[in-house]
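In what follows, a single structure is set out as structure tokens and then discussed.
What follows is calculated from the coordinates using simple rules that are stated; it is not laboratory data. Nothing here was measured: the structure is a model prediction, and the numbers come from that model. Using ideal geometry, Cβ is built from the backbone for each residue, glycine included, and neighbour counts are taken over all protein chains shown.
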Amino acid sequence: MIILGMVVLVGMIIDVINMSDFDFPSAILSVLLATVSPRIIFCGLLVAGGVLCLKRRHWGVCLVSAVVTLSLWIAPVVMMLLEGSFSALWRFAIQVPGALISTVFISLTKKEWQEISDSVDGKVSYGG
């Protein structure tokens with residue numbers, strides 16, 4: 001999921017570089033505000049979910065970040081395949097299988113995750 005976050009970030013940088021075709025500064029600013037802010041938040045969610053996956057903490061947060069990634073990118077892939085435009089398919093070819101693999105592995109390994117214990121002595125509770 002950390003790799004997926006970096007792919008989204010690289011795609012955002014490529015999109016910002018390609019915005020030099022716009023003639024109006026107000027158009028560039030409006031497009032930047034509409035696309036860059038949500039992608040940065042999305043990258044933060046992916047990287048945070050990936051770090052928590054590596055630490056095996058907060059199973060629910062990791063699963064939500066993987067499912068959100070999968071649900072956000074499956075619709076554009078279907079639309080691109082139906083329309084026949086493959087211009088930005090490289091991003092989706094990495095993100096959709098990566099999100100699918102992440103979701104499957106996170107859901108299959110739920111028993112291995114450590115949850116933060118409510119006890120004062122710092123012991124970790126497993127599975128309940």
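Using the Cα centre of segment 2-111 as the reference point, and only Cβ charges (+1 on K/R, -1 on D/E), how large is the resulting charge dipole? Debye, rounded to the nearest 20. Intermediate results must be reported in sequence, preceding the final value.
Numbers: 7 positive and 4 negative charges, 180 e Å.
The dipole magnitude comes to about 860 debye.
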Could you tell me the largest-minus-smallest coordinate of the C-alpha atoms of segment 2-111 on each of the three principal axes, in descending order and whole angstroms? 55, 29, 16
